[in-house]
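Participant: Here's a structure for you.
The values are calculated or read from the model by the stated rules, or taken from the named source; none is laboratory data. Just so it is clear, the structure is predicted and the values come from calculations on it, not from any experiment. Don't worry about glycine lacking a Cβ; one is built from the backbone with ideal geometry, like all the others, and counts go over all protein chains shown. Please note that ligands, DNA and RNA were not included when accessible areas were found on the heavy atoms of the full protein model with its side chains. Shrake-Rupley method; radii C 1.70, N 1.55, O 1.52, S 1.80 Å.
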Amino acid sequence: MALPGFSWTLHGDGRTVRPGEVVAPDERLSWPRTIGIGMQHVVAMFGATFLVPLLTGFPPATTLFFSGIGTLLFLVITAGRVPSYLGSSFAFIAPIGAATNQHGMGGALGGVLLAGVVLFLVGLIVQVAGSRWLQVLMPPVVTGAIVALIGLNLAPSARANLEKGPVTAVVTLLAIVLATVLFRGILGRLAILVGVALGYVVAVLRGEVDFAAVEKAAWVGLPPFTAPELHLSVVGLFVPVVLVLIAENIGHVKSVALMTGRNLDDLTGRALMSDGLATVLAGAGGGSGTTTYAENIGVMAATKVYSTAAYWVAAITALVLSFSPKFGAAIATVPPGVLGGAAILLYGMIGMLGVRIWVQNRVNFANPINLTTAAVALVIGIADVTWVVGDLTFAGIALGTAAALVLFHGMTAINRFTKAVQDPEHLEDVGAEPSQLG
């Protein structure tokens, strides 16, 4: 008898998907078509997964290796019921940069590993006790603020890369913008990859790319691995990232459930544990922390194929590519100008994801508790306010996260006794007093 998640029934004739139907996670099309769709998933995750190591200085081939391993683990632990690719999480960019400046790459990897352990433990608790406590701890106003400040905290990094190649950066950014509205289907969904490719061509023509490392690299070989170092001072940098990973994983499971018409709530804990374990492995060997990828949801929405068989193909393809040092060296040649152009959009998009959480959950900023929570957290995060206590350093993301949690729950608790304002989740704009609107 086949193990759960390792067998798929053929959907229809294996060649077509009828209107109104979808290929379920436990189904597949013919293997040639499944392999083709799996390759599309590789292309979809490619741009974002490689931008993270390029922006943080981590080896691209190593990150690709652990993204493939992490995806395989995710598919096994979720029993093949949740189609997902685990790629590099942008939420790690800022803490990795800060930790690298303090303790080098090993120290940053220790932080990635720590974040993975915490995420795994949260997933374990969710699997046993359910996810209601997470919703209470992190209501939409708090989650949105944390996601937004992580993206906007990176703005200085985007500017630094842009200034190293302004012309190339502008071309890259414009190419991404135009690809978004000029192309339909898969090309439109891969606008970032298209823009980076065009920006890279411009950089080559302008003499901004050095191919010396590519010429020296071998065609086949192991990706470089690096051991982590554990430093207490990075705890405050990486723990807030866990909150973002939780929101991303829960959102991914709910999105897939909606698109496939299946109830996947019982797999939320497994998804979190899977991502946590994948991030632990990445941190233990030199890769970037992982998360479930929205880019690949776009491919599924376009093809109507949610088969986990395609993700096995994508993960194995990623692993094969990671064993080519020449391929990794070629990716590492992407110059700062290209990265700067893409980062302006990407970092801003992370910030806007936080805003989208507020909008989708109808967070009411007429309520001063919601307004204060978001306002204080965002300014602390964007200004990168830093607090040093002995060997511990708490930067903008950590302090902004703490501010969001403490302010919301603290003000809400006090308000239960004073009743100075209405329930922060139910206050209607039309009912707000002028004094409450500030």
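Participant: Within the range 96-200, which helices (runs of 4 or more DSSP H) (wholly inside it) include 3 or more residues that are open to solvent by less than 50 Å² (accessible area, probe 1.4 Å) and not small (Gly, Ala, Ser)?
Facilitator: In the range 96-200, the matching helices (runs of 4 or more DSSP H) lie at 140-152, 166-182.
Participant: Moving on to the next point. Could you check the range 309-329 and list, in sequence order, the residues that are hydroxyl-bearing (Ser, Thr, Tyr) and surrounded by fewer than 24 Cβ atoms within 10 Å (Cβ to Cβ)?
Facilitator: THR317, SER324
Participant: I'm trying to understand the selection: among the residues of the range 279-335, which are under 19 Å from VAL214 (Cα atoms) and among the basic types (Lys, Arg)?
Facilitator: LYS326
Participant: Against the condition touching a Pro at 6+ places or on another chain (Cβ under 7 Å), in a helix (DSSP H, G or I) and open to solvent by less than 20 Å² (accessible area, probe 1.4 Å), how does PRO53 come out, does it pass?
Facilitator: Considered against the rule, which asks whether it is touching a Pro at 6+ places or on another chain (Cβ under 7 Å), in a helix (DSSP H, G or I) and open to solvent by less than 20 Å² (accessible area, probe 1.4 Å), PRO53 comes out as yes.
Participant: For PHE225, only one of the following conditions fails: (1) in contact with a Ser or Thr (Cβ under 7 Å, 6 or more places away or on another chain); (2) within 30 Å of LEU399 (Cβ to Cβ); (3) in a loop (DSSP other than H, G, I, E, B). What is its number?
Facilitator: Condition not satisfied by PHE225: (2).
Participant: Among (1) at pLDDT below 90; (2) closer than 30 Å to THR372 by Cβ, where does GLN102 come up short?
Facilitator: (2)
Participant: Okay, next question. Looking at MET349 and the list (1) modelled with pLDDT of 90 or more; (2) surrounded by fewer than 19 Cβ atoms within 10 Å (Cβ to Cβ), which single condition is not satisfied?
Facilitator: (1)
Participant: Let me ask something else. Just checking, which of ALA278, ALA310, ALA302 is out of contact with any His (no Cβ under 7 Å at 6 or more places or on another chain) and at pLDDT 80 or above? So that I can check it myself, show each step before the final result.
Facilitator: On the way: ALA310 fails: out of contact with any His (no Cβ under 7 Å at 6 or more places or on another chain); ALA302 fails: at pLDDT 80 or above.
Going through ALA278, ALA310, ALA302 in turn, the sole match is ALA278.
Participant: While we're on this one: Looking at ARG356, is it out of contact with any Phe, Trp or Tyr (no Cβ under 9 Å at 6 or more places or on another chain), open to solvent by 10 Å² or more (accessible area, probe 1.4 Å), charged (D, E, K, R) and assigned to a loop (DSSP other than H, G, I, E, B)?
Facilitator: So ARG356 fails the test.
Yes/no matrix, rows are residues, columns are (1) of a type outside the set (Val, Ile, Thr); (2) modelled with pLDDT under 85; (3) in contact with a Phe, Trp or Tyr (Cβ under 9 Å, 6 or more places away or on another chain):
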{"residue": "LEU178", "(1), (2), (3)": "yes, no, no"}
{"residue": "GLY188", "(1), (2), (3)": "yes, yes, no"}
{"residue": "TYR200", "(1), (2), (3)": "yes, no, no"}
{"residue": "ALA218", "(1), (2), (3)": "yes, no, no"}
{"residue": "PRO223", "(1), (2), (3)": "yes, no, yes"}
{"residue": "LEU237", "(1), (2), (3)": "yes, yes, yes"}
{"residue": "ILE250", "(1), (2), (3)": "no, yes, no"}
{"residue": "SER274", "(1), (2), (3)": "yes, no, yes"}
